[in-house]
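For reference, the structure is listed below as structure tokens.
The values are calculated or read from the model by the stated rules, or taken from the named source; none is laboratory data. This structure is a prediction, so every number in the text was calculated from the model and none was measured. FYI the Cβ positions are ideal-geometry reconstructions off the backbone, even for glycines, and counts take in every protein chain you see.
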Amino acid sequence: MADVIFAGLLLVSLLVTAQASHTLYLTLYTWDRPPAEARAPDHFLAPRLSFTVMLPARHEEQVIRATIARLARVNYPAHLIQVLVICSADDQDTIGKAEEEIIRLRRRGRANVQIVVFSDGPVNKPHGLNAALPHAHHDVVTIFDAEDDMHPDIFNVVNTVMEEEKVKVVQAGVQLMNFDSNWYSALNVLEYFFWFKSRLHYHAKLGAIPLGGNTVFFERALVARLGGWDEQNLTEDADIGLRVSAAGERIRVVYDDRYVTKEETPPTLAQFIRQRTRWSQGFLQTLRKGVWRELPTAKQRRLAFYTLAFPQAQALLGIYFIFSLTTMLTFKTPVLVALISFLPVLLLLAHLLVSVIGLHEFAGAHGLKAPLRTVLLLAIAWIPYQLVLSYAALRAVRRQSRGIINWEKTQHIGAHRSESADRALGLDEARENVA
């Protein structure tokens, strides 16, 4: 019996080591490549493309006014921007706040924002996007979330990239900001930092990319040709990204610290778990849907399968951790088994070191300071954070096996926003109305 346990431990340890090594490679992918491959252009072309902004919002009365106000103040000609605030008919609080901001803007001569209200189901983000698509009249459709702080020049960035490189899809950077709000915030912030700054560039290079949920720009005709978004999928962004890849369209990823869209980490652990459960379950849905099989090359299909199946591996990692700990405490392990079992620990330390360096790079890029206590908390929280991710993945597998696909919404409170930044943009009135 002990031999079987040790053999299983060896096999799993080797698999975990291989997976952790691959993840580390993806985390550092862009660091040994020319910055120009990922950065935004240094000079902008004259505005030519027109943009329809999709702004899905549900129970976002706390943040929606400031978001609409920011969109109204972007550095791009107003007649080339159309903003569609998308709400379900039963969400009167969000609709009311959005209407207040639209009235305020119209008094100031800005009339390019409207509300699209849908009354059918399912009540989720992809259905809202599909309901709004017929109202989109501009060249490019883009999505922002209701709490997003987009950079005023983001449309200039995308206009230039699309015009110069003749691409139909651009994924720009998204960055969580409030790294010191609670024990898991720094780790959550770094996940976004490495995902958008490095890993997505690898996916784009290979042509198999699960897109992010916002700050993604599509040629409107392409979205229409693809039939819009999958309304039953909890990660409609990953699904449409793989459909775009399968259609042979090149996706340009732009990550530049100067132009990221700023967001907040989930305010509570329960909210974080629900968010991660939804993402993991959506990846499982996309895996079972099988769009990844339509990718033209075996390398693309392997990458897509690995990415979509990872929630199941993440669930198993939590079980492996408990099993490994039990084995260490109850069995006298042979030296070879102990040495190989220690390999994942070495990779864990490597990941932790990269995260500490990444935290300082992130903070420096945004004019922030990461104090020693944050670094210590990051190290202490590392294992508990991985166990939380594993629990969320297990929860996703359980929900999927039971056919539960309701949308568990993440609460937004605007923790990434500051009063001084809003005052600088002239948003005092909007902020006062959400206080």
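A few points about this structure:
- Among the residues making up the range 364-382, a single one is over 13 Å from Leu187 (Cα atoms), touching a residue at least 40 places away in the same chain (Cβ under 8 Å) and in a helix (DSSP H, G or I): Ala365.
- Listed by first and then second residue, the pairs with beta-carbon distance under 9 Å, at least 6 apart or on different chains, first residue in the range 215-229 and touching a residue at least 40 places away in the same chain (Cβ under 8 Å) and buried (at least 22 other Cβ atoms within 10 Å of the Cβ), second of a type in the set (Ser, Thr, Tyr) and assigned to a strand (DSSP E or B), are Thr215/Thr142; Thr215/Thr261; Val216/Thr142; Phe217/Thr142; Phe218/Thr142.
- Positions within the range 228-275 being farther than 30 Å from Ala298 by Cβ, touching a His at 6+ places or on another chain (Cβ under 8 Å) and among the aliphatic types (A, V, I, L, M), in sequence order: Val260
- Tyr192, sole failed condition from (1) within 17 Å of the chain's Cα centre (by Cα); (2) surrounded by 23 or more Cβ atoms within 10 Å (Cβ to Cβ); (3) outside any loop (DSSP other than H, G, I, E, B); (4) not polar (S, T, N, Q): (2)
- Screening Gln232 against (1) in a helix (DSSP H, G or I); (2) more than 30 Å from Leu368 (Cβ to Cβ) leaves a single unmet condition, (1).
- Filter pass, Phe305 being modelled with pLDDT of 95 or more, in a helix (DSSP H, G or I) and in contact with a Ser or Thr (Cβ under 8 Å, 6 or more places away or on another chain): no
- Within the range 42-75, being in a loop (DSSP other than H, G, I, E, B), within 19 Å of Glu264 (Cα to Cα), among the hydrophobic types (A, V, I, L, M, F, W, C) and touching a helix residue (DSSP H, G or I) at 6+ places or on another chain (Cβ under 8 Å) holds for one residue alone: Ala57.
- Qualifying positions in the range 262-274 - closer than 19 Å to Thr235 by Cα and assigned to a strand (DSSP E or B): Glu263
- Test: residue in the range 241-261 that is farther than 22 Å from Ala38 by Cα, touching a Lys or Arg at 6+ places or on another chain (Cβ under 7 Å) and in a helix (DSSP H, G or I): no
- Matching residues, the range 1-31, being at pLDDT 80 or above and either outside any helix (DSSP H, G or I) or not polar (S, T, N, Q) (or both): Ala18, Ala20, His22, Leu24, Tyr25, Leu26, Leu28, Tyr29, Trp31
- Within the set Asn159, Asn112, the sole residue that is at pLDDT below 95 and either surrounded by 21 or more Cβ atoms within 10 Å (Cβ to Cβ) or under 16 Å from Ser50 (Cβ atoms) (or both) turns out to be Asn112.
- Qualifying residues in the range 127-146 (those that are of a type outside the set (A, V, I, L, M, F, W, C) and within 15 Å of Thr215 (Cα to Cα)) - the one surrounded by the fewest Cβ atoms within 10 Å (Cβ to Cβ): Asp145
- Whichever residue in the range 196-209 is surrounded by fewer than 24 Cβ atoms within 10 Å (Cβ to Cβ), over 23 Å from His151 (Cβ atoms) and not charged (D, E, K, R) and, among such residues, is nearest to the chain's Cα centre (by Cα): Tyr202
- Considering each residue of the range 263-277 in turn, none proves to be of a type in the set (Asp, Glu) and surrounded by fewer than 18 Cβ atoms within 10 Å (Cβ to Cβ).
- Verdict on Val167 being under 24 Å from Ala370 (Cβ atoms) and either in contact (Cβ under 8 Å) with a residue 40 or more places away in the chain or surrounded by fewer than 22 Cβ atoms within 10 Å (Cβ to Cβ) (or both): no
- Qualifying residue in the range 89-104 (condition: β-branched (Val, Ile, Thr), surrounded by fewer than 16 Cβ atoms within 10 Å (Cβ to Cβ) and without any contact (Cβ under 8 Å) to a residue 24 or more places away in the chain): yes
- Those strands (runs of 3 or more DSSP E) of the range 76-156 in which at least 3 residues are more than 29 Å from His43 (Cβ to Cβ), considering only elements entirely within it, cover 81-88, 113-118.
- Residue within the range 159-167 that is aliphatic (A, V, I, L, M) and within 23 Å of Leu234 (Cβ to Cβ) present: no
- If you check Gln386, Gln400 for being at pLDDT below 90, in a helix (DSSP H, G or I) and closer than 30 Å to Asn233 by Cβ, only one passes: Gln386.
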